[in-house]
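Just below is one structure, and these are the notes that go with it.
The values are calculated or read from the model by the stated rules, or taken from the named source; none is laboratory data. Since this is a predicted model, take the numbers as computed values, not measurements. For neighbour counting, all protein chains shown are included, and Cβ atoms are generated from backbone atoms with ideal geometry for every residue, glycine included. Ligands, DNA and RNA are excluded from the accessible area calculation, which covers all protein heavy atoms including side chains. Shrake-Rupley method; radii C 1.70, N 1.55, O 1.52, S 1.80 Å.
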Amino acid sequence: NPILLADEPTGELDFRTGVQILELLHAQADAGRTVVVVTHNREISRVADRVIELSSGRIVSDGPPAGGRAAMEDLHW
């Protein structure tokens, strides 16, 4: 199964373009690919299926987004 790694895919982008990138990544996941997104933007984690949070190189949480998965149109940053 192909894996797509995206390191800060929305960094330095305006909000609209960032959401377009996230929609493209979701389309890849819907097509059966594993998509791993690394980001410091907690807002982006709201649309993930699974969030693994690291602190000082250690996993401090692993599970669904806090409060459940949000719709793309509910994002803001």
Segment 6-63, accessible area per residue, ligands and nucleic acids excluded (1.4 Å, Å²): 70 Å²
Size of charge dipole - segment 15-61 - debye, nearest 20, with Cβ of Lys, Arg +1 and Asp, Glu -1, no other charges: 120 debye
Where labels lie 7 Å past Cα in the beta-carbon direction, separation of S55 and A29 in nm: 2.4 nm
Antiparallel bridge percentage (DSSP; both residues within the chain; nearest 5): 50 percent
Accessible surface of the chain, 1.4 Å probe, proportion on carbon and sulfur as whole %: 52 percent
Pairs of Cα atoms farther than 15 Å apart, the chain, %: 57 percent
